[in-house]
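Chemist: Can you read through this structure? Questions will come right after.
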């Protein structure tokens, strides 16, 4: 069932877009903070790249699922409104929140050292 695991993750992201985006940001920020505390060397900002990569992977699995569903609908000539969680507004919201996670990860990557110094002197 390796093929179904990305589908289940994608459906979870579509059902809970804010929670999944905040999870991506929290994982990157927490791992970065722990690495900075224990190892130093500006690792908080460097973990921003992992936050971005994680957000891109989540974004990619969702868009891959959406693309395969769209191709299936085209082949089957099904123009009806899709069921939840694949309704248009739900998909837009999920992709927008994943875009938010990308932006936060990019800010952590670019300005993480400044933020760390500001909050931890």
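Chemist: May I ask you to say which residue of 41, 64, 89 is modelled with pLDDT under 85 and under 30 Å from residue 117 (Cα atoms)?
Modeler: 41
Chemist: Anything in region 34-52 that is under 21 Å from the mean Cα position of the chain (by Cα) and surrounded by fewer than 16 Cβ atoms within 10 Å (Cβ to Cβ)? List them, or say none.
Modeler: Result: 34, single match.
Chemist: Quick check, is residue 31 surrounded by 16 or more Cβ atoms within 10 Å (Cβ to Cβ) and either over 18 Å from the mean Cα position of the chain (by Cα) or under 23 Å from residue 88 (Cα atoms) (or both)?
Modeler: So residue 31 does not fit the description; no.
Chemist: A further question follows. For region 18-38, how many residues meet the condition of being closer than 16 Å to residue 115 by Cβ and either touching a residue at least 12 places away in the same chain (Cβ under 8 Å) or touching a helix residue (DSSP H, G or I) at 6+ places or on another chain (Cβ under 8 Å) (or both)?
Modeler: 8
The values are calculated or read from the model by the stated rules, or taken from the named source; none is laboratory data. Keep in mind it's a predicted model, so treat the numbers as computed, not measured. Cβ atoms come from the backbone with ideal geometry, glycine included; neighbour counts cover every protein chain shown.
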